[in-house]
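The values are calculated or read from the model by the stated rules, or taken from the named source; none is laboratory data. Here the structure is a predicted model, which means the values were calculated and not measured. Using ideal geometry, Cβ is built from the backbone for each residue, glycine included, and neighbour counts are taken over all protein chains shown. These area figures cover heavy atoms from the full protein model, side chains too; ligands, DNA and RNA do not enter into them. Shrake-Rupley method; radii C 1.70, N 1.55, O 1.52, S 1.80 Å.
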Amino acid sequence: REGKLVETTYELLGFAQQLGCEAELFLVGSEDDLPQSGGKVYLADAAACGEYNPALHKQLILQAVEKSGADTVVLMHSAYGWDLAPRLALALEAAQISEVVELKDGALVVPACNAKLRRQVKAATGRQVITLQAGAFAPAEAAGAPTVEKLDASGEAQSEFLGYEQAEAGEVDLSKAEVIVSAGRGIGKPENVEMIAALAKALGGEYAASRPVVDAGWVPHDRQVGTTGQTVSPKLYVACGISGAIQHLAGMKKSDFILAINTDPEAPIGEVADVLVVADVKQFVPALTEKLAG
């Protein structure tokens with residue numbers, strides 16, 4: 001993106017490690033900023049091929065697939081990945097499996113029913129094209145230097161890439177906060193956001209929220225954590241009344257220490273929490289805030 005290697009590159013490599021597969025990487029970029037990893041990188045020059053040219057990039061990736069003999073093509077579940085994955089799947093006559101969040105018993109786990117459920121799927125074809133939910137897989141360690149093989153292709157683009165438009169700066173940059181206290185639907189009503197903000201203040205941090213709270217208009221979008229909000233990794237993350245949908249977990253599970261407060265002891269948030277407090281958030285949070293203030 002804009003000449004710089006994106007960090008999700010290492011999530012792709014981390015997924016390959018979990019698969020136990022040998023991986024080769026395709027990159028539209030520059031020799032000035034290559035991933036720190038061993039193996040081969042098929043490199044197309046972004047200056048010549050464009051940062052976003054799906055028709056041309058598809059042809060380049062098909063070249064890489066032919067050279068490598070790959071049976072699995074993996075992209076991030078991003079605007080770029082959404083566009084390219086079906087094009088590649090059609091060209092390769094391969095199954096496409098979108099938004100993978102986990103590997104389990106040799107199957108790929110994907111969300112269903114607006115992420116309320118999960119299902120396990122396997123491709124019924126020899127090849128498969130996969131997109132990964134951002135943050136769902138631990139990134140590979142940056143180490144080593146790749147062997148570069150340059151690719152080239154020509155052709156007219158069917159769309160013109162005009163550039164990136166940055167979102168307006170919000171009230172707060174949660175990515176820099178060392179402590180975050182986050183509100184979920186379990187807080188009950190918009191007036192209870194105040195108690196979440198009070199706990200955050202007592203801890204010297206910022207308050208945030210899950211998507212349902214933001215969608216309800218209780219908290220501004222610039223305080224949303226998750227795949228459609230901000231990705232955070234504070235020293236302490238306090239999840240208040242948050243069930244733990246994968247989209248939210250992907251935005252905060254890299255936190256150093258996670259404290260979850262939920263009335264449901266089986267809530268998915270408990271799987272990533274260091275401490276799960278089974279309690280009514282509306283009773284526990286004010287009591288904790290008062291204790292800290294005292």
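Here is how the numbers come out for the structure above:
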item	result
Condition check for Leu203: open to solvent by less than 70 Å² (accessible area, probe 1.4 Å), of a type outside the set (Val, Ile, Thr) and over 30 Å from Ser78 (Cα atoms)	yes
Qualifying position, being farther than 28 Å from Leu117 by Cα and not in a loop (DSSP other than H, G, I, E, B), among Ala287, Ala208, Ala250	Ala287
Flag if Asp83 is under 30 Å from Gly251 (Cα atoms), of a type outside the set (Val, Ile, Thr) and touching a strand residue (DSSP E or B) at 6+ places or on another chain (Cβ under 8 Å)	no
Candidate set from the range 45-99 (those that are small (Gly, Ala, Ser) and touching a Gly at 6+ places or on another chain (Cβ under 7 Å)); member that is nearest to Val109 (Cα to Cα)	Ala55
Residue among Leu90, Leu34 that is among the aliphatic types (A, V, I, L, M), free of Cβ contacts under 8 Å to residues at least 24 places away in the same chain, on the phi < 0 side of the Ramachandran plot and surrounded by fewer than 18 Cβ atoms within 10 Å (Cβ to Cβ)	Leu90
Criterion: under 26 Å from Pro111 (Cα atoms) and not basic (Lys, Arg) - qualifying residue of Ala287, Ala216	Ala216
Test result for Ala134, closer than 30 Å to His248 by Cα and assigned to a loop (DSSP other than H, G, I, E, B)	yes
Residue that is farthest from the chain's Cα centre (by Cα), among those in the range 255-288 that are of a type in the set (S, T, N, Q) and surrounded by fewer than 20 Cβ atoms within 10 Å (Cβ to Cβ)	Gln283
In the range 73-85, the residues that are in contact (Cβ under 8 Å) with a residue 12 or more places away in the chain and open to solvent by 30 Å² or more (accessible area, probe 1.4 Å)	Val74, His77, Ser78, Tyr80, Trp82, Asp83
